[in-house]
Ligand SMILES: [Zn+2]
């Protein structure tokens, strides 16, 4: 009986030590695995077959955004849909939505930015030369791809392009003031139920 208890304690202790040592590694590996799932092995085939990839990416994974963020909590949602165009071109429609907590350039507090990206990208083989007409055509957005496409990286690129250069509250002093009016504050709802203005 005593032996069993002792054995359990030793096992438990070993487990905790292992857990502590491995924790960071495991977390690191899991996040790398999750971003590996967001890879398309053949982007041209993905487009040709009209496939769809949907998912979410935590802001903590989008490291190139971190300098611009007030915090890295939250996630964005993306949807990638392949298709073939009238000229036989390989197309990817990319939609990205989410609330991005940017830093107000005036008061340095968080200012939520409502991200709403919806871009049509035309795949071209990496290294392929585009004609002058193609280069000057503002209606086409070319994306050079070798074959494999890192979706997380693409999503990150598109978010960076969509963010405002100098985000600001409409009125500083009240963090999140710009968006406060769009959400019903719980106290406002209560006040409404009581039939009294606060
Ligand atoms: Zn501000």
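Taking segment 116-152 only, how many residues are exposed (fewer than 14 other Cβ atoms within 10 Å of the Cβ) and assigned to a helix (DSSP H, G or I)?
Of the residues in segment 116-152, 5 are exposed (fewer than 14 other Cβ atoms within 10 Å of the Cβ) and assigned to a helix (DSSP H, G or I).
What's the total number of residues in segment 83-115 that are out of contact with any strand residue (DSSP E or B) (no Cβ under 6 Å at 6 or more places or on another chain), without any contact (Cβ under 8 Å) to a residue 60 or more places away in the chain and on the phi < 0 side of the Ramachandran plot?
3
Yes or no: residue 113 under 11 Å from the mean Cα position of the chain (by Cα), surrounded by 14 or more Cβ atoms within 10 Å (Cβ to Cβ) and under 16 Å from residue 160 (Cβ atoms)?
Considered against the rule, which asks whether it is under 11 Å from the mean Cα position of the chain (by Cα), surrounded by 14 or more Cβ atoms within 10 Å (Cβ to Cβ) and under 16 Å from residue 160 (Cβ atoms), residue 113 comes out as no.
Based on what the data block shows, is residue 195 under 22 Å from the mean Cα position of the chain (by Cα), at positive phi and either away from the ligand (no atom under 16 Å from the Cβ) or at pLDDT below 90 (or both)?
no
Mind telling me which of the residues 70, 43, 9 ends up being modelled with pLDDT of 50 or more, touching a strand residue (DSSP E or B) at 6+ places or on another chain (Cβ under 6 Å) and more than 15 Å from residue 115 (Cβ to Cβ)?
None of the others qualify; the one that does is 43.
Here's a check for you: in segment 84-98, which residue that is assigned to a strand (DSSP E or B) and either outside the structural domain of residue 141 (by TED's automatic domain parsing) or surrounded by fewer than 17 Cβ atoms within 10 Å (Cβ to Cβ) (or both) is farthest from the ligand (Cβ to nearest atom)?
Looking at residues that are assigned to a strand (DSSP E or B) and either outside the structural domain of residue 141 (by TED's automatic domain parsing) or surrounded by fewer than 17 Cβ atoms within 10 Å (Cβ to Cβ) (or both), I get 84.
Name the single residue that is nearest to the ligand (Cβ to nearest atom) among those in segment 99-120 being touching a helix residue (DSSP H, G or I) at 6+ places or on another chain (Cβ under 8 Å) and under 15 Å from residue 154 (Cβ atoms).
Top of the filtered list is 115.
The values are calculated or read from the model by the stated rules, or taken from the named source; none is laboratory data. The structure displayed is predicted, hence computed values, not measured ones. Positions of Cβ are backbone-derived with ideal geometry, glycine not excepted, and every protein chain shown enters the neighbour counts.
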